[in-house]
Each structure stands twice: as C-alpha cells, then as structure tokens.
Amino acid sequence: MEIHVGTLTIRKLEDPLKSRLRLRAAARNRSMEEEARQILRAALQETAAPAEDLGSRIRARFAALGDIQLALEPREPPNDPPLFDGSPRAPRTKLRKPGMGRR
C-alpha cells in the first residue's frame, strides 16, 4: 500500500507564534515540523458539532421568554393566472373577513 504525503508551506507566520512552536517542540523532543504535524492531527481529529440551522438557534435564544400564539387572519385565495388564449375567465368571489358586513 502506497501512502501519499503532501507538503504544506505556511507563510507570514508571526515571530512570537513561531517561537512558541519552537519551544513547544523542544519541550517534547520533536522538530518544529513534527510538532506542527501533531498539532494539525490533534485539531483535525475532533469531530465538529453539526451546525444548527438559524431557526433553531433563534428559537433557543428566545425560549426563556415563553411561547406566544398569534391569531392568524384567514387569507384570500391567490389571484387567478392570466389567460392568453382569449377564453373568458370565470368571475371571482371574494372572501370576507369574519365579522365584517357587506360594503
């Protein structure tokens, strides 16, 4: 079985960070390169928690306030689509809101 090995170059690494990596590697008797590999392996072995969708996050944030039920008004049916063949359209009946008299 052949193992493919890649190369990674990290540019613009701040000097203080590079110094900390060097000291950490020396404390573990490793080269800086091996220490960087170990850090990457450890970081990438963690399983990422599945991202929660926005609706669930909003619900969780406001859950402590309690649930509010709003009365929903009845909707009117959607408009009929336009007819392009010249045939007559059936007359449309409008829904009235409950409790509203004729106008």
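The values are calculated or read from the model by the stated rules, or taken from the named source; none is laboratory data. Predicted model, so just to flag it, every value in this text is computed and none were measured. As a convention, Cβ positions derive from the backbone with ideal geometry for all residues, glycine included, and neighbour counts pool all protein chains shown. Only protein heavy atoms, including side chains, enter the accessible area calculation; ligands, DNA and RNA are left aside. Shrake-Rupley method; radii C 1.70, N 1.55, O 1.52, S 1.80 Å.
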field: Candidates 58, 39, filtered to the one that is under 30 Å from residue 26 (Cα atoms) and modelled with pLDDT of 70 or more
entry: 39
- prompt: Within the set of pairs 6+ apart or on separate chains, which have a first residue in segment 15-27 that is under 12 Å from residue 38 (Cβ atoms), a second that is open to solvent by less than 80 Å² (accessible area, probe 1.4 Å) and not hydrophobic (A, V, I, L, M, F, W, C), and C-beta atoms under 8 Å apart?
  reply: 21/35; 24/35; 25/31; 25/34; 25/35
query: Can you name the residue in segment 82-98 that is open to solvent by less than 90 Å² (accessible area, probe 1.4 Å) and not hydroxyl-bearing (Ser, Thr, Tyr) and, of all such residues, is modelled with the lowest pLDDT?
result: 90
message: Considering only residues that are open to solvent by 100 Å² or more (accessible area, probe 1.4 Å) and part of a loop (DSSP other than H, G, I, E, B), which ones fall in segment 58-77?
response: 67, 68, 69, 70, 72, 73, 75, 76
task: Find the residue count for segment 12-48, including only residues that are open to solvent by less than 100 Å² (accessible area, probe 1.4 Å) and polar (S, T, N, Q).
output: 3
query: If you scan segment 28-72, which residues turn out to be more than 24 Å from residue 9 (Cβ to Cβ) and either in contact with an Asp or Glu (Cβ under 9 Å, 6 or more places away or on another chain) or aromatic (Phe, Trp, Tyr) (or both)?
result: 60, 62
message: Looking only at segment 1-23, how many residues end up being among the acidic types (Asp, Glu) and at pLDDT below 90?
response: 1
